[in-house]
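Asker: Dropping the structure in here first, questions after.
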Amino acid sequence: MQFVQNFPFITIILSLFSGPLSSVISGKKAKWLNLAVISVIGIMSAAVLAFTIRSGESYVYMMGHFPAPWGNEIRVGILEAAMAVFFCIIMLLSMMGGQYERERELEESKSNLYYVMVNLLLCSLLALIYTNDLFTAYVFVEINTISACGLIMIKQNGRTIEAAARYMIMSLLGSGLLLLGICFLYDLTGHLLMSNIQEQVQLLAQTGEYHIPLLVSLGLMSVGLAIKSALFPFHTWLPDAYGYSTLSSAAILSSLVSKGYIFLLVKIFYRVVGFDIVRDSKVINVLFVFGIAGMIMGSVDAIRENNIRRMIAYSSVAQIGYIYMGFGLGTAAGVTASIYHVVSHAATKSLLFVAASGITDASGDSTDFFDLTGAGYRNKLAGVAFTVGSLSMVGIPMFSGFISKLLFAQAAVASPNKSIPTLIALAISTILNAVYFMKTVIRLYTPEKKAVIERKNFRTITMREEPVKSAALVFFIILNLLLGLSSDPVMELIRNGLEMFS
C-alpha cells in the first residue's frame, strides 16, 4: 500500500481532532487552525484523486488492519476523492466569505465553539463520503446533524433558536427512519459492510425472498435521507435555518450538508442495494414525483418572498427537487446529471449567499427586497457575483446551471416513460427561476435617488474594504464559469466514479 492511500483516513482523523483542539484555544487561533485544516485536507484529497485517476480503480482501507466485522473499512474511488476535494474548496471559500460577519455577529467568548462545529461537520462529511460501513455512516449522520444545529443557533437569538429547533425535529425524524431502515437491512442480511450487504441483497432478489421487508428498508432509508436533505414537502425547516443563521453557516448548510446526505443515498443505491434493484422497486417513482413537486413549489415560494436570504433558501428547495427528479428517472444518465447538479448547486448557492451579504451590507443591513434598489452600484463586486449566480440558477449558457439543465433534459429524453413530465417541469421551473432571480437583479441595478440613499444610511463598499470576502467572491465566480465552460472533465470524473461504485 502506498502512503497516499492512508490520506482519506488521516483527513477524517485530522478534522475530528481539530474540533476539540479548537475548543481550548482562542477564537482567532481557532479560525486560523480551521483554515489550515481545510486547506491541508483539500491538498491531501487532491493527491488521493490523482492517485485514483492513475490507478483507474478504487481501493479499500481497513482501519486497524482488521477485516469486517471486527474492523471498519473505508472505500476510496475517483468520485469519493473528487467530492472530498470539492467540499473542501466550497467550505474554505464559504468560511472566507463569511469572516467579517462572524467577527461582527458572534460573541468573542463563543467564536472558538463555532470552529469546533465546522471541524466536526467537515469530519462527518468526509466520513459519509468514504465509509464502507452502513452503521458508521449513520453515526456520522448524527454528528453532522448536531454540528449543523450548532452552526444555526450560534447567534443565540430567538429566530436562530427557533430555526435550530425546527431543524433538529425534522432531522431526528429523518435519522430515525434511516436507522429503522438500516436495522431491517441488518436483520435481512446479517451485515453492516456495504459490499457484504449487496451480495446478500442480490441473493434475496434472485430468490424473491423477503421482497416486502427489503422494499420497506429501502423506502425508509430513502425517505429518511430525503427529509434530512429538505426534499419537498419536508423542507419547512430550511428557510429559517438558511435565512437567519450566520453567513458562513448558511453557505455551508445549503451547499454541503444536504449534499452529504444525498451522496450517502447514492452510495446506498449503488453500493448497498444495487441500482437495478432500486429501479425495479419503484421507490424512485416516489422520489421522482416529490422531486418535480419540489422544483415547482420551491420556486413558487421563492417568488412570494421579499427577504433576499429566504428567497435564496427557497430556491434551494427547488434545486434539491432537481436532484431527486434525476434519481427518479432511474437511469445512469439521470444519476450522473443529479451528481453534477450537486456540484453546480453547491458552487452557485454559496456564491449567492456571500454575494447577498455584500448587497445587504451596502443597504443598511436590510434584507428587504425594496431596500436593495441600486445595491449593485453600491457594492459592484457583490452585484456582479449575484448576477452570475442568478444567471447560473436560471440556466444561461456559460454558467454551471446551464450544463445541469442540459444534462437533465438529455436524461429525460432517454427515459421515454418520464420524458414529458420531466421536460415540462424543467421548462416551468426555469421560467419561475427567471422570475424571482431576474427581478432581483433588475432591482439591484435600478438607480436609487440620492436623498433616499442618505436617509436610509446606505453606503458604498469597495473591494479594498473587505478583501477576504472579495477574494472569495472572485474565486466563486471563476469556479462557476469553469464548471460551465469546462464541464467535460467533471462529467468524465462522475461517470468513471459511478462505474467504480458498481
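Asker: Restricting to region 98-138, count the residues that are modelled with pLDDT under 85, among the hydroxyl-bearing types (Ser, Thr, Tyr) and either open to solvent by 10 Å² or more (accessible area, probe 1.4 Å) or under 17 Å from the mean Cα position of the chain (by Cα) (or both).
Answerer: 3
Asker: Take the residues of region 142-170 that are hydroxyl-bearing (Ser, Thr, Tyr) and modelled with pLDDT of 85 or more: which is farthest from GLU101 (Cα to Cα)?
Answerer: Going residue by residue through region 142-170, those that are hydroxyl-bearing (Ser, Thr, Tyr) are 145, 147, 160, 167.
Cutting the leftovers down to modelled with pLDDT of 85 or more gives us 145, 147.
Working: THR145: 23, SER147: 19 Å.
It comes out as THR145.
Asker: If you don't mind, another one. Can you tell me how many residues within region 1-11 are of a type outside the set (Ser, Thr, Tyr), in a helix (DSSP H, G or I) and closer than 17 Å to SER58 by Cβ? Break it down stepwise before answering.
Answerer: Just the residues of region 1-11 that are of a type outside the set (Ser, Thr, Tyr), to begin with: 1-10.
Now restrict to residues that are in a helix (DSSP H, G or I): 3-10.
Next, from what is left, pick out any that are closer than 17 Å to SER58 by Cβ: 4-9.
Qualifying residue count for the region: 6.
Asker: Select, from SER429, SER363, SER392, the only residue that is in a loop (DSSP other than H, G, I, E, B) and surrounded by 17 or more Cβ atoms within 10 Å (Cβ to Cβ). Walk me through it before giving the result.
Answerer: Numbers: SER429 fails: in a loop (DSSP other than H, G, I, E, B); SER392 fails: in a loop (DSSP other than H, G, I, E, B).
Just a single option satisfies the conditions, and that option is SER363.
Asker: Is it the case, given these coordinates, that PHE370 is open to solvent by 60 Å² or more (accessible area, probe 1.4 Å), modelled with pLDDT under 85 and under 24 Å from ARG309 (Cα atoms)?
Answerer: On the way: open to solvent by 60 Å² or more (accessible area, probe 1.4 Å): yes; modelled with pLDDT under 85: yes; under 24 Å from ARG309 (Cα atoms): yes.
Spelling it out, PHE370 is indeed open to solvent by 60 Å² or more (accessible area, probe 1.4 Å), modelled with pLDDT under 85 and under 24 Å from ARG309 (Cα atoms).
Asker: Moving to a separate point now. Pairs only if they're at least six apart or on different chains, beta carbon under 7 angstrom, first in region 41-59 and of a type outside the set (Phe, Trp, Tyr), second surrounded by 15 or more Cβ atoms within 10 Å (Cβ to Cβ) and not in a helix (DSSP H, G or I); list them, first residue then second.
Answerer: Matching pairs, first to second residue: VAL48/VAL76; THR52/SER58; THR52/VAL76; THR52/GLY77; SER58/ARG75; SER58/VAL76; SER58/GLY77.
Asker: Kindly provide the set of residues from region 395-426 that are among the β-branched types (Val, Ile, Thr) and assigned to a loop (DSSP other than H, G, I, E, B), ordered by number.
Answerer: Within region 395-426, the subset among the β-branched types (Val, Ile, Thr) is 396, 403, 413, 420, 422, 424.
ILE396 - this is the single residue of region 395-426 that is among the β-branched types (Val, Ile, Thr) and assigned to a loop (DSSP other than H, G, I, E, B).
Asker: From the residues in region 316-338 that are open to solvent by 10 Å² or more (accessible area, probe 1.4 Å) and either of a type in the set (Asp, Glu) or part of a helix (DSSP H, G or I) (or both), which one is modelled with the highest pLDDT?
Answerer: Ranking the candidates gives THR336 first.
Asker: Write out, first by first residue and then by second, each pair whose Cβ atoms fall under 7 Å of each other, whose residues are 6+ apart or on separate chains, and whose first residue, in region 219-238, is in contact (Cβ under 8 Å) with a residue 40 or more places away in the chain while the second is among the hydrophobic types (A, V, I, L, M, F, W, C) and assigned to a loop (DSSP other than H, G, I, E, B).
Answerer: Going by the 7 Å Cβ cut-off, the qualifying pairs are ALA226/PHE234; ILE227/PHE234; LEU238/ALA230.
Asker: Moving on. Got a sec? Which of PHE402, PHE386 is open to solvent by 10 Å² or more (accessible area, probe 1.4 Å) and of a type in the set (Phe, Trp, Tyr)? Can you show your working first?
Answerer: Details: PHE386 fails: open to solvent by 10 Å² or more (accessible area, probe 1.4 Å).
Matching residue, one of PHE402, PHE386: PHE402.
Asker: Being free of Cβ contacts under 8 Å to residues at least 60 places away in the same chain and either surrounded by fewer than 17 Cβ atoms within 10 Å (Cβ to Cβ) or part of a helix (DSSP H, G or I) (or both) is the filter here, so list the residues in region 192-213 that pass it. Spell out how you get there, then give the answer.
Answerer: Filtering region 192-213 down to residues free of Cβ contacts under 8 Å to residues at least 60 places away in the same chain leaves 199-200, 203-204, 206-213.
GLU199, GLN200, LEU203, LEU204, GLN206, THR207, GLY208, GLU209, HIS211, ILE212, PRO213, listed by residue number.
Asker: Going through MET62, MET83 one at a time, which residue ends up being touching a Gly at 6+ places or on another chain (Cβ under 9 Å), open to solvent by 50 Å² or more (accessible area, probe 1.4 Å) and closer than 30 Å to HIS191 by Cα?
Answerer: From the options MET62, MET83, the qualifying one is MET62.
Asker: Of GLU454, GLU492, GLU465, which residue is at pLDDT 85 or above and among the acidic types (Asp, Glu)?
Answerer: Matching residue, one of GLU454, GLU492, GLU465: GLU492.
Asker: Continuing with this model, one more query. State whether the residues of region 151-161 include one that is open to solvent by 60 Å² or more (accessible area, probe 1.4 Å) and within 19 Å of PHE269 (Cα to Cα).
Answerer: Checked against the condition, which is being open to solvent by 60 Å² or more (accessible area, probe 1.4 Å) and within 19 Å of PHE269 (Cα to Cα), region 151-161 yields no hits at all.
Asker: Restrict the check to region 304-315 and report whether at least one residue is open to solvent by 30 Å² or more (accessible area, probe 1.4 Å), out of contact with any helix residue (DSSP H, G or I) (no Cβ under 8 Å at 6 or more places or on another chain) and outside any helix (DSSP H, G or I).
Answerer: yes
Asker: So, in region 15-35, exactly how many residues are open to solvent by 50 Å² or more (accessible area, probe 1.4 Å), hydrophobic (A, V, I, L, M, F, W, C) and assigned to a helix (DSSP H, G or I)? Walk me through it before giving the result.
Answerer: Within region 15-35, the first condition is being open to solvent by 50 Å² or more (accessible area, probe 1.4 Å), and the residues that meet it are 16-17, 20-21, 23-24, 26, 28-29, 32.
Next cut, hydrophobic (A, V, I, L, M, F, W, C) only: 16-17, 21, 24, 32.
Still in the list and also assigned to a helix (DSSP H, G or I): 16-17, 21, 32.
The number of residues fulfilling the criteria is 4.
The values are calculated or read from the model by the stated rules, or taken from the named source; none is laboratory data. Remember, it's a predicted structure, so these values are computed and weren't measured experimentally. Every residue, glycine among them, receives a Cβ derived from its backbone with ideal geometry; neighbour counts consider all protein chains shown. Protein only, heavy atoms only, side chains kept; ligands, DNA and RNA dropped before computing areas. Shrake-Rupley method; radii C 1.70, N 1.55, O 1.52, S 1.80 Å.
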